[in-house]
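The values are calculated or read from the model by the stated rules, or taken from the named source; none is laboratory data. Bear in mind the structure is a predicted one, so any value in this text is a computation, not a measurement. A quick note on method: Cβ atoms are made from the backbone with ideal geometry, for glycine too, and the neighbour counts reach across all protein chains shown. Areas reflect the complete protein model, heavy atoms only, side chains present, ligands, DNA and RNA absent. Shrake-Rupley method; radii C 1.70, N 1.55, O 1.52, S 1.80 Å.
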Amino acid sequence: MSTCPRCQAEENKIRTEHKGLNAKGELVWTIFNCESCAFTWRDSEPARTIDYNLREEFFRVDPEKPYPVIMPPAQYK
Amino acid sequence: MSDKNPPLSDKALEVARRIGSLRDFLEFLKENGQCINWSEEVYPEPDIRNVAVAAGRDSMNGPAVIFDNIAGYPGKKMVLGVHGSFTNLALLLGHPKGTTIKELFYDIISRWGADEPLLDFIEPDKAPVNENRLTSNFNLYELLPLYRINEYDGGFYIGKANVVSRDPRDPDNFGKQNVGIYRIQVQAPGEFTLLSVPAHDMGRHIMAAEQEGVPLKISVMLGNHPAMCMFAATPIGYDESEFAYASQMMGSPMRLTKSGNGMDILADSEMVIEAELMNGVRSFEGPFGEFPGSYSGVRKIPRFKVTAISHRNDPIFENIYIGRGWTEHDTLIGLNTSAPIYAALIKDFPEVVAVNALYQHGLTGIISVKNRFAGFAKSVAMRALGTPHGTMYLKNLIMVDDDVDPFDLNEVMWALSTRTRAEDTIVIPNMPMIPIDPAAEVAGKGHRLIIDATSFMPPDKLGGDSKIVTPPSGPEIDAIAKVIQLLQNGGQS
Ligand SMILES: [Zn+2]
């Protein structure tokens, strides 16, 4: 899992969050988090969710774009 | 107002006394064939979503589903659909299987306004929720068998938490403690985002904490008494306690204790996550498949860090499937959306018989009313649009006569077919509307539709034989008016 399925951030932005094991202690799946766009995913999910090219374009995220901020902290300044 | 509430039935009280926690309720549902175990191995995605959607198809009688064999989560249990069918709600309120939605509606109405808080406080060291306590190395991904609820959700959501917070400027005030359901996205092993807006109690608490630079502590209760989830979503006043309210509605005491960070929490919940607002931090959150059946977009929202976790032995993680209906969310909030609209209308219009606002949180509502005279039902509809919930949600209103059960869609369709005159539909353009209405051309603004499907009524003609009065007029009267003016000013005539 080298890049983010949602924003294509590079590997150095991808954090390994948790490894799910079975009762024998064998690896079943791994959860990753993208520090650029906050997408979180499991490598066992259907490709439609975790493959950038198969995901609907509508759901891509460009972290550089201005997204709405809920209760912007700047309003207190 | 409590003296006006009829006493609960023996069966309702018996059930209320027996059920003190999620576990108790699951056992009770099992005895009644309303809870099943899914023990074949499932992957979190897409298997859990698939089972949840299939179970949700039967909104009347679908069971709760306990998953006890989830790949990557050996030994862990997760339950969906606890409030997934009206039969499950009926059992909770002490009714048999086969109870109609209309009967449930009247039951909730009859409990409405009870104001005798029934709360027992127990010491934290005796509370089952404190059987296990973690104070470091938190890993929500490991503790909770999370799944991606809808395929394009931005992450893994906790969709059915009851979150307790207190006004950070008045932290000792029990009444200003708020319990609400807010969507939570896990963002790191020990951090999560929580969506609230300034209008919510939680939103006010967040803004107050950041403005004054004081900490905001919260307790996130998971796997709760089933009445808590049902009634924490009900709009009540800022100074009223949701705990008191839920116990009143059940007619039986609820057990409270103190969380490690000073909140009142349910003593018998499966898990309580204590957390603190990361002041000034905003993180990407969403999309999330919401109740209209559409995704709400990506936002930057407040973030919290976990400070401690308490949980029972072998905790059962309760979550929800929500998305394009019918889903558990529709059943969970439907009757509690309908009841306050009814309660508001009945004050002015005792002719209102019942309100069905089950559909997508009331985006469509059906009101049954005893029509007094031509146009009366339309006036009632206008009043409904002015109720707190109606202002933002009631997009389509269908008005039916008192002989039509608004919860029976076959009857409603009959009324639409036989009693609607196209002339008696009203469109009010450009009204306020919840921003997530998928039909909106401009978010936050929408048109209202009223279909008056009540039968023809003659107009109220009392006083209809009026004739204009002809008062005396002319120079003589003008002269008298001048005299009156002079007298008033102390002059002589
Ligand atoms: Zn990303």
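Here's the yes/no breakdown for (1) open to solvent by less than 40 Å² (accessible area, probe 1.4 Å); (2) away from chain A (no Cβ under 14 Å):
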{"position": "B:Arg111", "(1), (2)": "yes, yes"}
{"position": "B:Pro128", "(1), (2)": "yes, yes"}
{"position": "B:Asn132", "(1), (2)": "no, yes"}
{"position": "B:Leu143", "(1), (2)": "yes, no"}
{"position": "B:Phe156", "(1), (2)": "yes, no"}
{"position": "B:Asn162", "(1), (2)": "yes, yes"}
* **Yes/no for B:Ala439 being assigned to a loop (DSSP other than H, G, I, E, B) and open to solvent by 30 Å² or more (accessible area, probe 1.4 Å)** => yes
* Unmet requirement for B:Pro189, which otherwise passes all of (1) open to solvent by 20 Å² or more (accessible area, probe 1.4 Å); (2) at pLDDT below 95; (3) closer than 30 Å to A:Ser36 by Cβ -> (2)
* Name the helices (runs of 4 or more DSSP H) wholly within segment B:160-257 that hold at least 1 residues that are touching a residue at least 40 places away in the same chain (Cβ under 8 Å) and more than 21 Å from the chain's Cα centre (by Cα)? -> B:201-212
* Structure fact -> When B:Pro117 is run through (1) away from chain A (no Cβ under 14 Å); (2) at pLDDT 95 or above, the failure sits at (2)
* Would you be able to tell me the number of residues in segment B:391-427 that are free of Cβ contacts under 8 Å to residues at least 40 places away in the same chain and not aliphatic (A, V, I, L, M)? => 11
* Structure fact -> Per the list (1) surrounded by 14 or more Cβ atoms within 10 Å (Cβ to Cβ); (2) under 30 Å from B:Asn5 (Cα atoms); (3) in the same structural domain as B:Pro253 (by TED's automatic domain parsing), residue check on B:Asn88 breaks on (3)
* Structure fact -> Checked against (1) assigned to a loop (DSSP other than H, G, I, E, B); (2) within 45 Å of the chain's Cα centre (by Cα), B:Leu449 satisfies every condition except (1)
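One line per residue, one yes/no per condition, for (1) of a type in the set (Lys, Arg); (2) open to solvent by less than 40 Å² (accessible area, probe 1.4 Å); (3) within 22 Å of the chain's Cα centre (by Cα):
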{"residue": "B:Asn336", "(1), (2), (3)": "no, yes, yes"}
{"residue": "B:Arg372", "(1), (2), (3)": "yes, no, no"}
{"residue": "B:Ile398", "(1), (2), (3)": "no, yes, yes"}
{"residue": "B:Ala415", "(1), (2), (3)": "no, yes, no"}
* **Tally of residues being of a type in the set (Val, Ile, Thr) and in a helix (DSSP H, G or I) across segment B:9-49** => 2
* Asked: Across segment A:49-75, what is the total count of residues that are among the aliphatic types (A, V, I, L, M) and exposed (fewer than 11 other Cβ atoms within 10 Å of the Cβ)?
  -> 1
* Residue pairs meeting the criteria (Cβ under 6 Å; at least 6 apart or on separate chains; first within 14 Å of chain A (Cβ to nearest Cβ), in segment B:293-321; second polar (S, T, N, Q)) -> B:Ile301/B:Thr193; B:Arg303/B:Thr193; B:Arg303/B:Ser283
* Structure fact -> Residue pairs qualifying under the 6 Å Cβ cut-off, at least six apart or on distinct chains, with the first in segment A:35-49 being over 14 Å from A:Arg60 (Cβ atoms) and more than 7 Å from chain B (Cβ to nearest Cβ) and the second being open to solvent by 10 Å² or more (accessible area, probe 1.4 Å) and near the ligand (Cβ under 8 Å from one of its atoms), are A:Glu35/A:Lys13
* **Selection count where residues are part of a loop (DSSP other than H, G, I, E, B) and not aliphatic (A, V, I, L, M), scope segment A:22-63** => 20
* Among the residues of segment A:1-48, write down those that are open to solvent by less than 30 Å² (accessible area, probe 1.4 Å), more than 13 Å from the ligand (Cβ to nearest atom) and under 11 Å from the mean Cα position of the chain (by Cα). => A:Glu17, A:Ile31, A:Arg42
* To do: For A:Arg60, work out the one condition from (1) away from the ligand (no atom under 13 Å from the Cβ); (2) closer than 16 Å to B:Asp153 by Cα it doesn't fulfil.
  => (1)
* In segment B:338-355, the residues that are open to solvent by less than 10 Å² (accessible area, probe 1.4 Å) and either assigned to a helix (DSSP H, G or I) or outside the structural domain of B:Ala381 (by TED's automatic domain parsing) (or both) -> B:Ser338, B:Ala339, B:Ile341, B:Leu345
* Does segment A:64-77 contain any residue that is assigned to a loop (DSSP other than H, G, I, E, B), among the hydroxyl-bearing types (Ser, Thr, Tyr) and away from the ligand (no atom under 11 Å from the Cβ)? -> yes
* To do: Would you mind stating whether B:Glu276 is under 25 Å from A:Pro72 (Cβ atoms), charged (D, E, K, R), within 11 Å of chain A (Cβ to nearest Cβ) and in contact with a strand residue (DSSP E or B) (Cβ under 6 Å, 6 or more places away or on another chain)?
  => no
